[in-house]
Structure formats: structure tokens, C-alpha cells
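Report on the structure given below.
The values are calculated or read from the model by the stated rules, or taken from the named source; none is laboratory data. Note that the structure is predicted; figures quoted are calculated from it, not measured. Here Cβ is always computed from backbone atoms with ideal geometry, including for glycine, and neighbour counts include all displayed protein chains.
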Amino acid sequence: MYVVIARWYTKEGTQNQVLSILNQVVPLSRAEEGNRTYIVNQSVDDPRSILLYEQYVDEDAFRFHASRDIFGQLVRDKIWPLLETRHREIYTAIEPA
């Protein structure tokens, strides 16, 4: 399983706008054939801190997700300009033996 952790820190006062746009992104992402999980988390201590936890069947499924026009329109064009910082980490899920 291909795991993506995206850590976003919103610009002052934009976190609600980012979360509103993510409300559109989540069902579209979850509907993708290769998506297994897409969860938005907001820090209890700092509401400007948002963590996305995503799981895909493989890297190709993630690349499909990232290449979709809707991803570009909602995430790159609308959300990224509202962020102070963003960082992405990639993991492989380890299944118990």
C-alpha cells in the first residue's frame, strides 16, 4: 500500500476556507478506483495545521490522483495559495506477518 502524508500549515485566517475546499476533494478522491483512504485531520492545538492521510493501492494510483484536472483546479489552484507551508511524506504500509 502506498501511503501519502501531507502536512499543511495554512496562512492566518484561511484554515476554514481550506477545509471547505477539502470537503469537495475528499469524496472525489475516495471515489477513485486506486484510493483506499483519504482522511483530513486538523490539529487540536493549532487549527492552522492540517494533516492529510491518504492510502493508494500503488504509486500509479497516486500519480493518477495527482494528475487529475480536478486535483489541479481544487488543490493546486485554490488550496496551495492559501498555505504558508506544505510538506509531503511517502510511506509503504507494512502488513503484519
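Looking for whichever is modelled with pLDDT of 95 or more, in contact with a helix residue (DSSP H, G or I) (Cβ under 8 Å, 6 or more places away or on another chain) and assigned to a strand (DSSP E or B) here; the options are Ile50, Ile79, Ile90. Which one fits? From the options Ile50, Ile79, Ile90, the qualifying one is Ile50. Taken together, the residues in region 15-47 that are of a type in the set (S, T, N, Q), within 25 Å of Thr92 (Cβ to Cβ), in contact (Cβ under 8 Å) with a residue 24 or more places away in the chain and in a strand (DSSP E or B) amount to 1. Listed conditions (1) under 14 Å from the mean Cα position of the chain (by Cα); (2) among the polar types (S, T, N, Q); (3) surrounded by fewer than 13 Cβ atoms within 10 Å (Cβ to Cβ) are all met by Asn35, apart from (3). Name the residues in region 52-72 that are surrounded by 12 or more Cβ atoms within 10 Å (Cβ to Cβ) and farther than 18 Å from Met1 by Cβ, would you? Residues satisfying the conditions are Arg68, Ile70, Phe71, Gly72.
From the list Glu59, Glu12, pick out the single residue that is out of contact with any His (no Cβ under 6 Å at 6 or more places or on another chain), among the acidic types (Asp, Glu), in contact (Cβ under 8 Å) with a residue 24 or more places away in the chain and more than 28 Å from Ile94 (Cα to Cα).
None of the others qualify; the one that does is Glu12.
Looking only at region 38-47, which residues are under 17 Å from Trp80 (Cα atoms) and either surrounded by 14 or more Cβ atoms within 10 Å (Cβ to Cβ) or in contact with a helix residue (DSSP H, G or I) (Cβ under 6 Å, 6 or more places away or on another chain) (or both)? Across region 38-47, the qualifying residues are Val40, Gln42, Pro47.
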